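Asks: Sharing a structure with you now.
The values are calculated or read from the model by the stated rules, or taken from the named source; none is laboratory data. Computed from a prediction, not measured in an experiment: that's the story for all the values here. Please note: Cβ atoms are built from the backbone with ideal geometry, for glycine as well, and neighbour counts cover all protein chains shown. Heavy atoms of the whole protein, side chains included, go into the accessibility calculation; ligands, DNA and RNA do not. Shrake-Rupley method; radii C 1.70, N 1.55, O 1.52, S 1.80 Å.
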Amino acid sequence: MENQKEVTKQVLSYTGTIVEIGNAVQGETWIKQDFTIRTEEKYPQLINFLTFNDCQDQLTRCKVNDDVTVFFNAKSRKFNEKWYTEITAWKITINFNPKK
């Protein structure tokens, strides 16, 4: 694939406080769950993440009001002329000594 361009990826992460944890949904071979954090910026944002399988296990150790750093991938797809974006967490770390 000599004409293929090199793709540069950055590690994406947000740090914030968990404000909501959704219910887990389980299939035959998978489990997923969503959660929302509030960022600690000048203008705080609410960001909802989706977890699958191994990362969902990490989410089970978390609770509302935990300060966390979430590492994630973002992807979009088009369906019926409308764009959908998914933010999928692949690592969640609990910050036991948050900077406040």
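Asks: Using only helices, what value at 222 nm comes out for the chain when you add -39,500 (n - 2.57) per DSSP H run of length 4 or more and divide by the total residues, to the nearest 500 deg cm²/dmol?
Replies: About -1500 deg cm²/dmol.
Asks: Can you give the charge dipole size of the chain about its Cα centre, rounded to the nearest 20 debye, using +1 on the beta carbon of Lys and Arg and -1 on the beta carbon of Asp and Glu?
Replies: Here the size comes out at about 240 debye.
Asks: Looking at 73, 44, 16, which one has the Cα that reaches farthest to the positive end of the dipole of the chain (charges on Cβ: Lys, Arg +1; Asp, Glu -1)?
Replies: The listed residue farthest towards the positive side: 44.
Asks: So, one more: Per residue, how much accessible area does the chain have with a 1.4 Å probe, in Å²?
Replies: For the chain, the solvent-accessible area averages 80 Å² per residue.
Asks: Same structure again: Output wanted: per-residue J couplings in Hz (rounded whole) for segment 70-85, from phi through Karplus 6.51 cos²θ - 1.76 cosθ + 1.60, θ = phi - 60°, x for Gly and Pro.
Replies: With coefficients 6.51, -1.76 and 1.60, one gets 10, 9, 8, 10, 10, 8, 10, 8, 10, 9, 6, 6, 10, 8, 10, 10 Hz.
Asks: Full extension from residue 29 to residue 94: what is 0.36 nm times the residue separation minus their Cα-Cα distance, to one decimal in nm?
Replies: Additional length available on full extension: 20.7 nm.
Asks: OK, next. Could you check how much of the accessible area of segment 53-92 is carbon and sulfur, as a whole percent, using a 1.4 Å probe?
Replies: Answer for segment 53-92 is 48 percent, counting heavy atoms of protein chains only.
Asks: Can you bin segment 19-70 into rounded, prolate or oblate? Criterion: square roots of the alpha carbon gyration tensor eigenvalues sorted a ≥ b ≥ c, rounded for a/c under 1.5, prolate for a/b above b/c, oblate for the rest.
Replies: Prolate shape, in that a/c is at least 1.5 and a/b is the bigger ratio.
Asks: Can you give the % of DSSP beta bridges in the chain that are antiparallel, to the nearest 5?
Replies: Percentage antiparallel, nearest 5: 95.
Asks: Show the residues, 5+ positions off or on another chain, whose built amide H is closer than 5 Å to the amide H of residue 31.
Replies: Counting only residues 5 or more places away or on other chains, the set is 53.
Asks: Same structure again: With 10 Å bins from zero, work out the P(r) of the chain over every alpha carbon pair and list the percent per bin.
Replies: The percentages, shortest bin first, are 14, 41, 29, 12, 3.
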